[in-house]
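Just below is one structure, and these are the notes that go with it.
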Amino acid sequence: MYRWFIVAIATLALTVGSFVTSFVTYGMGTIAAFYQVDWQLTQFQTGFISTMTNVGPYVR
């Protein structure tokens, strides 16, 4: 019983972690127009933020 509880917790953690990672990676480009206006960013700065959120997971 204890082993299945650990497997369930690990599966839940991986599922939630994958969802959050995907949301940040794919979501930043989608909402870029909104945070560009709110933070008064240039197109270069907005593109840089979007690019770094996509490149970041690969650089460790």
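Values in this text are rule-based calculations from the coordinates and carry no lab data. As the structure is a prediction and not an experimental result, all values here were calculated from the model.
Pop out the ³J(HN,Hα) list for segment 13-19 in order, Karplus 6.51 cos²θ - 1.76 cosθ + 1.60 with θ = phi - 60°, rounded to Hz; leave Gly and Pro as x.
Result, ordered by residue: 5, 5, 5, 5, x, 5, 5 Hz.
Could you give each residue of segment 42-59 its phi-based ³J(HN,Hα) in whole Hz, using Karplus coefficients 6.51, -1.76, 1.60 with θ = phi - 60°, and x for Gly or Pro?
7, 5, 4, 5, 5, x, 5, 4, 4, 5, 5, 5, 8, 7, x, x, 8, 9
Compute the semi-axes of the equivalent ellipsoid of the chain, taking the square root of 5 times each eigenvalue of the Cα gyration tensor, and list them largest first in whole Å.
Largest first, the chain gives 35, 12, 6 Å.
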